[in-house]
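Everything on this sheet refers to the single structure shown next.
Please treat every number below as a calculation from the coordinates, not as lab data. Given the structure is predicted, the values throughout are model-derived calculations rather than measurements. All Cβ positions, glycine included, derive from the backbone under ideal geometry; neighbour counts span all protein chains shown.
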Amino acid sequence: MTVAHVALLTEEEPRSAELTVTGEIDLSNADQVRDELYRSIANDLMYVSVNLTDVSYMDSSGLRVLFMLAERLQRLQTELAVVAPPGTPARRILELAGFDAVATLRP
Amino acid sequence: MPKSHAGSATDRLERIDVVTDSALAHLEIERLLEELLDRIRELLAADTATVLLLDSSGQHLVTRASSGMKEAVRQGARVRISGSRFAGRIATTREPLILDRVDETTVANPLLWHRGIRSLLGVPLIANDEFLGVLHVGTVGDRRFTDTDVDFLRVAADRVAMATRNRITDSGRAAALSLQRTLIPGLLPEVAGLDMAARYAPGEAGGVSGDWYDVFKLPSGWLCVTVGDVVGRGLDAATVMTRLRTAVRSYALDSADPAEVLTKLDRHVRHFEPQMMATVSYAMWEPSLCRMHLSLAGHLTPVMAPDNAPAELPEIPIDPPVGAGLVPRPRRTTAVDVEPGTAVLFYTDGLVERRNRPLDDGLALLRDVVRSGPTEALCSDVMLRMVGTDPTDDDIALLAIRREPDAAAPELTLTLEAVPESLADMRAALRRWLPTVGATDDDIDDLLVIIGEAGANVIEHAYGPGGGRFELRLTATEAQVEGTVRDQGNWRSARGTNRGRGTQLMQQLSDELRIEHDNGGTTVYLRRSLGNR
């Protein structure tokens, strides 16, 4: 069983949200991760960051979730940043897929 | 002459004995009691004859059989044994009681006065000094019970109590054994790189006890091993065993520290099974298999047998058993290195304890007997030399786990169901195997994605709704890992938006990647060098 957790960390800035995903993302739970991310993001936000530092595995099903999220937030005119320090599994995959073209990639 | 005095007392008892003899041995307890009660009622010219037995809590009497008042059984009528009314008083005093007024002030069960009973005679059911329940007879007419009736019913109750006791013991033993059979895993999980075998042998002294072993994988790829022994015998110990087994599994899901799991289990037992105690050995193996983390709750130390070397009993601190006893104290976890080829033997005390031999001698003998090797043969050998043909008093549970020796050209072969849930199992197996062939953390991250994407492709595209399987086959040399992911399905390209990135990722992450389709299915060939990123 593949397990991931999505947590809404802080809302210090009223119009921004910081989300953290931990665990693994693959075919078996990508839809669930997507739904939890969508549920945590309100439509009045200016800025959303998704922290993937503690994601220990992610493949193209995780990429699909993030690309779709980027697309939707672009439509809502909400800025998206993805946090993944160099050396993490998520960073490697995001870089290879050229994710920095659709959202900010931060260490 | 009243009917109840017909025939001598001896004649009448013979009619009870006929009922308790072997001709009725096959009857279930309820049917046997009904048969007996029919005869007792007839012999005493009574209108009802009823048996109430203690329930599992020991606090209530439950109507188990009746002649003339079956509705009490159907309605599950029960009374507290501490009560001051009819059945409760018999349970407390363990003396016969005659009642000539039946109403809410004298009996707890309203069915009795609804039935119109005007006089009651009850006696305790006692076998081998153990109180089992109450037998009572009642009349609706004018008949009053006499001292002669009391004497007869007491003797009849002894017969009923003996028959009940035997029947309860037999069925308890059968139930406990079948619980053991259900819960002791028939098949141990398959873990690439480990070889496992187990034995369970019930003792001959008094049916099964509460020994168990359990092996399960966690989503994180860690492997958990439990061997435990609930103090006590029979159905009670076996049912507590089943609950502890489940409790360990639940706590294991949420903790990476064996001492923490056993601390929670201790709290669980103290709260939910206050009278029980158990010894438990709980180990967690790292996914790489090179180390095991172990916590012992009053349980004997496992034997460690390195390849081609004498076995030893490692120095591991032993904390108190879980359950009844002293104030809870902090528990400890010990990390133990497990070299390739080393066998670890977990067991319960029945393997080494004999009446005529000190425990230390039993442990020393076990240490001399254990040699690392294939685990099925190891278990057979240990049982042969530790048990042989001697009858054993206690149950024995034995679990041998051996880390397979390093092969010259290491290989990994896995066959998996083409379902999304297989991906996590596959990654756990790769996380165990890849470090053993010299892959760095970066190599592992990349290979997990290459092989994970290949597996996900099979799962999403290869088969129709009926599903299928796929096979992963890898070989490693010093410089690289190569192999295939193969299915027997029909290739179908990806559908939908934002799909198809998987193949691109596989190409980017590997040194060589080919996808070939033919009538037999699809094969992905992959090769990736090690230590180069």
Dipole magnitude of region B:228-336, debye to nearest 20 (Cβ charges: Lys/Arg +1, Asp/Glu -1, about Cα centre): 380
Span from the region B:273-298 Cα centroid across to the region B:77-121 one, whole angstrom: 51
Per DSSP, loop trypsin sites (Lys or Arg not before Pro) in region A:1-84 with at most 13 further Cβ within 10 Å: A:Arg15
Region B:184-403: translational diffusion in µm²/s, Stokes-Einstein, Kirkwood Rh over Cα pairs, 20 °C, 1.002 mPa s: 124
Value of [θ]222 nm, deg cm²/dmol, for the protein assembly as shown, DSSP H segments ≥ 4, -39500 (n - 2.57) each, nearest 500: -10500 deg cm²/dmol
Student exercise, the protein assembly as shown dipole from Lys, Arg, Asp, Glu Cβ charges, in Debye to nearest 20: 1900
Sorted by Cβ density within 10 Å, fewest first, the residues B:Asp195, B:Asp257, B:Asp129: B:Asp129, B:Asp257, B:Asp195
Principal axis box of the protein assembly as shown, alpha-carbon based, largest edge first, Å: 108, 67, 57
Cα-based shape type of region B:374-533, given that a ≥ b ≥ c are square roots of the gyration tensor eigenvalues and the cut on a/c is 1.5: prolate
Semi-axis lengths (Å, descending) of the ellipsoid that matches the C-alpha gyration tensor of region A:4-106: 20, 14, 13
Region B:140-177 versus region A:79-107: alpha-carbon centroid distance in Å: 78
Angle in degrees between helix B:258-272 and the longest Cα principal axis of chain B, rounded to the nearest 10: 20
Neighbour cut-off at most 16 other Cβ (10 Å), DSSP loop, trypsin sites (Lys or Arg not before Pro), region B:93-191: B:Arg94, B:Arg101, B:Arg144
For region B:285-337, size of Cβ-based charge dipole, Lys and Arg +1, Asp and Glu -1, in debye: 320
Overall form of region B:289-354 per C-alpha gyration tensor (a/c, 1.5; a/b vs b/c): oblate
Alpha carbon Rg of chain B, scaled by the compact-globule rule 2.2 N^0.38 Å: 1.36
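Please compute the net charge surrounding B:Glu286, taking Lys and Arg as +1 and Asp and Glu as -1 over other residues with Cβ under 10 Å from its Cβ. Intermediate values should be presented prior to the final figure.
Working: positive: B:Arg291, B:Arg431, B:Arg432; negative: none.
Combined, the nearby Lys, Arg, Asp and Glu give +3.
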Overall Cα dimensions of region B:219-294 - principal axes, largest extent first, Å: 39, 20, 18
For region A:47-107: rounded, prolate or oblate by the Cα gyration tensor [a/c cutoff 1.5]: prolate
Dipole of region B:3-175, positive end: most advanced residue of B:Leu32, B:Thr146, B:Gly83 [Cβ charges, Cα centre]: B:Gly83
Selection from B:Ala198, B:Tyr282, B:Leu262 lying farthest towards where the dipole of region B:184-403 points positive, charges on Cβ: B:Leu262
Size descriptor, Kirkwood hydrodynamic radius, that averages inverse alpha-carbon separations across region B:3-175, Å: 15.9
